[in-house]
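Chemist: Let me give you the structure first, and then I'll get to my questions.
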Amino acid sequence: MYREASGGEPAETAPHRRDHGKKELEGVQTMSAFLIHDLKNAASTLGLMLENLPTHFNNPAFREDAFRGIGSAASRINDLITA
C-alpha cells in the first residue's frame, strides 16, 4: 500500500514533481535574464547613437555607422520577440 499526496498521486512522486517544477522555474529565470540582457544591449546601442547624433550628424562615417547600428539593434530585437 502507498501513501497518496494531494491530487491522488503517490507520495513518492510529489518531491520529484517539486524538483521538476523548481528546475523548470530556474530555466525560465535564466531565459528571462538572457532576454533582458539582450534587450538592454540593444537599448544601450540606440541610446548612445541618439546621444551622439547632435554632435556627429554631419560626419558621414558616423551616419553610416549609426544606420548599421540601428539596423543591427532592430534586427536583434525582432529576433528576440519572434523566437
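Chemist: So how compact is the range 32-82: Cα radius of gyration and Dmax in angstrom?
Modeler: In Å, with Rg to one decimal and Dmax whole: 12.2, 39.
Chemist: A follow-up question, please. Per residue of the range 67-75, what does 6.51 cos²θ - 1.76 cosθ + 1.60 with θ = phi - 60° give for ³J(HN,Hα)? Whole Hz please, x for Gly and Pro, Karplus curve as stated.
Modeler: 4, 5, x, 5, x, 5, 5, 5, 5
Laboratory data are not the source of any read-out in this text; all were calculated from the coordinates shown. Because the structure is predicted, anything quoted here is derived from the model rather than measured.
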